[in-house]
Amino acid sequence: MPSALDLLVALNPWWNNKPFETGIRRENYFAKIQKYLKTGEIVVLTGVRRSGKTTLLFQIIDDLIRWVDTLRQLRRTGGDSPR
């Protein structure tokens, strides 16, 4: 069974400078979320399966990579994975 760190590394490919897919940019949704990033508020993405929540999250992370001191500040965890 993989360790918790192994699972986090697998969920966060940018920690090792690995490429990740960001899909088609949905500027309307992206802009709505982006305005909260500087407030320190927690943003929760909810929706039906396969509606693009993870894709939108990867787009936000791709944008934030330019602004953080260390890529480990950007952390993705999964709540629906059986791993």
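The values are calculated or read from the model by the stated rules, or taken from the named source; none is laboratory data. As the structure is a computational prediction, the values presented were derived from the model and not from experiment. As a convention, Cβ positions derive from the backbone with ideal geometry for all residues, glycine included, and neighbour counts pool all protein chains shown.
Only one residue in Thr70, Thr77, Thr55 is among the polar types (S, T, N, Q) and free of Cβ contacts under 8 Å to residues at least 12 places away in the same chain, so which one is that? Answer to the check: Thr70.
If you go through region 25-59 and keep only what is among the aliphatic types (A, V, I, L, M) and in contact with a helix residue (DSSP H, G or I) (Cβ under 8 Å, 6 or more places away or on another chain), you end up with Ile33, Leu37, Val43, Leu45, Leu56.
Of everything in region 33-63 that is surrounded by 13 or more Cβ atoms within 10 Å (Cβ to Cβ) and acidic (Asp, Glu), the residue that is nearest to Thr77 (Cα to Cα) is Asp62.
Summed over region 47-83, residues that are at pLDDT below 85 and in a loop (DSSP other than H, G, I, E, B) total 15. When the criteria are applied in full, Phe30 fails the requirement of being modelled with pLDDT of 90 or more and under 15 Å from the mean Cα position of the chain (by Cα). Scanning region 11-31 finds one or more residues that are at positive phi and surrounded by 10 or more Cβ atoms within 10 Å (Cβ to Cβ).
Residues in region 1-32 that are over 16 Å from Arg76 (Cα atoms), of a type outside the set (Asp, Glu) and either outside any loop (DSSP other than H, G, I, E, B) or touching a His at 6+ places or on another chain (Cβ under 7 Å) (or both): Asn28, Tyr29, Phe30, Ala31, Lys32.
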